[in-house]
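Right, one structure below, let's go through it.
The values are calculated or read from the model by the stated rules, or taken from the named source; none is laboratory data. This structure is a prediction, so every number in the text was calculated from the model and none was measured. Methodologically, a virtual Cβ is constructed for each residue, glycine included, from the backbone with ideal geometry; neighbour enumeration extends over all protein chains shown.
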Amino acid sequence: MARALRQRLRASAPSLRAVGNGEEDPVAANETKDGEDNPRGRAKNRRVTVSFGR
C-alpha cells in the first residue's frame with residue numbers, strides 16, 4: 001500500500017510510512033463472547049495508518 005501511495009502522490013520513500021495495526025493493537029474483538037468468529041470486529045481491525053513526514 002505504501003508503494004502505491006508513493007507512486008500516486010509522487011512522494012519520496014522516506015516521507016511516507018504505512019503500518020498495519022490490527023493484529024497487535026485490535027480496536028474490536030475478533031471473537032464473540034461464546035468464542036464464535038466476529039466478522040464485524042475483524043473488519044474494524046483491518047486498518048492501516050499512513051504517516052507523512054518531512
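Considering each residue of the range 35-46 in turn, at least one proves to be modelled with pLDDT of 90 or more, touching a Ser or Thr at 6+ places or on another chain (Cβ under 8 Å) and not in a helix (DSSP H, G or I). Of the set (1) assigned to a helix (DSSP H, G or I); (2) modelled with pLDDT of 90 or more, all apply to LEU5 but (2).
Scanning the range 41-54 for residues that are more than 13 Å from the chain's Cα centre (by Cα) and surrounded by 12 or more Cβ atoms within 10 Å (Cβ to Cβ) yields a total of 1.
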